[in-house]
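*Asks:* Take this structure first; my questions come after.
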Amino acid sequence: MSLWADLRACASRWKARRAEKVRKRNEQPQWFLLAGFCDRSAWSTPQPERLIPIYPPEDRFWADPFVWRKDDRYYVFYEEFPYATRRGHISVMELDRQARPVGGMPVIQEPYHLSYPFLFEFGGELYMVPEKKQKRRVDLYRCVRFPGQWEFVKTLFSGVKMVDCTLFEHEGRWWLFSSVKRNGLRYDETLFAYYSETPLSDHWTPHALNPLIRDFGKARSAGRIFRDAEGRLLRPSQDCIRRYGDGLNLSEIIRLTPDSYQERQLWHRTGQEAGEWHAMHHLDWHEGLMMMDAQRVTNYKEPMLKFKPPGNRRLCS
């Protein structure tokens with residue numbers, strides 16, 4: 001980004017954050033899911049307003065949905081974030097043929113925050129790479145019994161804060177796209193890439209141009225990279241200029257090699273444009289089912305936490 005564009009983006013984010021602080025005094029933002037069936041021809045121009053909303057209970061939010069189809073049934077893995085614990089875990093729900101939820105349950109819970117349950121298949125096995133920035137790791141899980149039983153396999157990256165890790169195969173290489181926080185760079189403005197011969201590798205080579213993108217408007221990943229009906233490789237990304245997850249983009253990856261990268265934006269929509277929602281930051285499609293998420297505001301009030309002094313120690317003398 002140019003210096004002037006960077007300054008304008010920072011000013012817009014500052015104004016939005018001030019407005020958000022005022023709003024949060026009286027309202028609770030809540031992410032919820034959107035679902036609907038469509039074919040690949042509709043992929044490059046999504047219509048979120050036509051999808052069916054799936055609302056969580058008022059005491060939590062649901063976000064980052066990833067779809068998987070098995071035995072002709074559809075399942076959605078997502079981040080479930082109870083406000084009481086302030087810690088996300090990974091849950092799954094089944095959807096019927098009208099895109100309505102049929103039950104649900106937690107599948108991976110850790111004593112730290114989890115989100116973005118990215119799914120991929122390799123060698124006949126289903127794997128998940130949930131976000132673990134709090135632990136400075138990128139860990140790989142394998143499905144032992146679908147959909148609810150998963151086991152830890154290995155750590156792909158360690159000692160670095162990475163979010164929204166998205167894997168895909170392209171021209172004989174496996175790629176991992178992620179946003180990284182380091183050296184003054186922030187998650188919402190960066191896209192880093194790494195490549196290897198296999199997604200199970202212990203050694204990932206950084207792209208020569210990292211970060212591939214530095215732009216609050218289109219850097220951070222927003223879901224699975226896929227091919228549309230025309231064979232184009234499409235990458236969902238977040239528009240974070242005004243606020244985190246304000247809107248979504250779809251861009252075509254035109255060129256990707258170990259020393260080059262080029263993409264072209266095809267579609268953009270903010271949450272307010274799509275459904276008068278506060279935000280919208282994730283998109284996924286798998287074998288006919290499209291999932292997105294959006295954010296609304298509710299009047300739910302979180303219970304006040306009671307402070308308990310440690311032991312009988314006096315707080316003042």
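*Asks:* Which order do GLU252, GLU230 fall in if you start with the one that has the fewest other Cβ atoms within 10 Å?
*Replies:* Working: GLU252 17, GLU230 11.
The order, fewest Cβ neighbours first, is GLU230, GLU252.
*Asks:* Would you please give the residues with an amide H less than 5 Å from that of LYS161, counting only those at least 5 places away or on a separate chain, with H modeled from the backbone geometry?
*Replies:* LYS181
*Asks:* If you average the sequence gap of Cα pairs under 8 Å that are 6 or more apart and divide by the length of the chain, what percent do you get for the contact order? Mind dumping the intermediate values first?
*Replies:* Working: 769 pairs, mean separation 56.6, N = 317.
Relative contact order comes out at 18 percent.
*Asks:* Give the residues of segment 66-82 whose amide nitrogen is closer than 18 Å to a point set 7 Å from the Cα of LYS135 in the direction of its Cβ.
*Replies:* What the label zone holds, given the 18 Å backbone N cut-off, is 78-81.
*Asks:* I've got another one for you. If you consider only alpha-carbon coordinates, what radius of gyration and Dmax does the chain have, in Å?
*Replies:* Over the chain's Cα set, Rg and Dmax evaluate to 19.8, 74 Å.
*Asks:* Sticking with this one: Which ³J(HN,Hα) values, rounded to whole Hz and listed in residue order, are derived for segment 214-221 from phi using the Karplus coefficients 6.51, -1.76 and 1.60 in 6.51 cos²θ - 1.76 cosθ + 1.60 with θ = phi - 60°, glycine and proline given as x?
*Replies:* Whole-Hz 3J(HN,Hα) from phi for segment 214-221: 10, 6, 4, x, 7, 7, 5, 4.
*Asks:* Taking the alpha-carbon centroid of each part, what is the distance from segment 177-201 to segment 58-89 in angstrom?
*Replies:* Segment 177-201 and segment 58-89 have Cα centres spaced 24 Å from each other.
*Asks:* Tell me, what HN-Hα J-couplings in whole Hz come from the Karplus equation 6.51 cos²θ - 1.76 cosθ + 1.60 at θ = phi - 60° for each residue of segment 229-236, using x for Gly and Pro?
*Replies:* Values per residue, Gly and Pro as x: 5, 8, x, 6, 8, 10, 10, x Hz.
*Asks:* Here's a follow-up. What is the packing order of peptides 52-59, 213-220, taking the mean over residues of other C-beta atoms within 10 Å and listing the highest first?
*Replies:* 213-220, 52-59
*Asks:* Which far-off residues, 5 or more places away or on another chain, put their amide H under 5 Å from the one on THR298, with H placed in the peptide plane?
*Replies:* So THR298 has HN proximity to GLN28, GLN30.
*Asks:* Of LYS70/LYS135; LYS135/LYS301; LYS181/LYS301; LYS133/LYS154; LYS161/LYS218; LYS132/LYS181, which sit over 21 Å apart, Cα to Cα?
*Replies:* On the way: LYS70/LYS135 31 Å; LYS135/LYS301 29 Å; LYS181/LYS301 32 Å; LYS133/LYS154 16 Å; LYS161/LYS218 19 Å; LYS132/LYS181 13 Å.
Violating the 21 Å Cα-Cα cut-off are LYS70/LYS135; LYS135/LYS301; LYS181/LYS301.
*Asks:* How many nm separate the modelled label positions at VAL153 and TYR300, each set 7 Å beyond the Cα in the direction of the Cβ?
*Replies:* A separation of 3.3 nm, rounded to one decimal place.
*Asks:* Quote to one decimal, in nm, the extra length available between ASP59 and PHE37 on full extension: 0.36 nm per residue of separation minus the C-alpha distance between them. Mind dumping the intermediate values first?
*Replies:* On the way: separation 22, 0.36 × 22 = 7.92 nm, distance 2.82 nm.
Extra length available between ASP59 and PHE37 comes to 5.1 nm.
*Asks:* Quick query: amide H of PHE61 versus all other amide H atoms, modeled in the peptide plane; which residues come in under 5 Å with a sequence gap of 5 or more or a different chain?
*Replies:* PHE81, TYR83
*Asks:* OK, next. Based on the mean of other Cβ atoms within 10 Å per residue, sort peptides 128-136, 64-72 so the most packed one is first. Write out the running numbers ahead of the final one.
*Replies:* On the way: 128-136: 20.4, 64-72: 17.7.
Ranked from most to least packed, the peptides come out as 128-136, 64-72.
*Asks:* Report the Cα centroid-to-centroid distance between segment 150-176 and segment 234-284 in angstrom, as an integer.
*Replies:* Going from one Cα centre to the other spans 20 Å.
*Asks:* Ok, one more. Once phi is turned into θ = phi - 60°, what whole-Hz ³J(HN,Hα) does the Karplus curve with 6.51, -1.76 and 1.60 give for every residue of segment 296-302, x standing for Gly and Pro?
*Replies:* Calculated HN-Hα couplings, in order: 10, 10, 10, 9, 5, 10, 5 Hz.
Just so you know, all these numbers are worked out from the coordinates, no wet-lab data involved. What you see is a predicted model; the values in this text were computed from it and never measured. Here the Cβ is made from the backbone with ideal geometry for all residues, glycine too, and neighbour counts use every protein chain on show.
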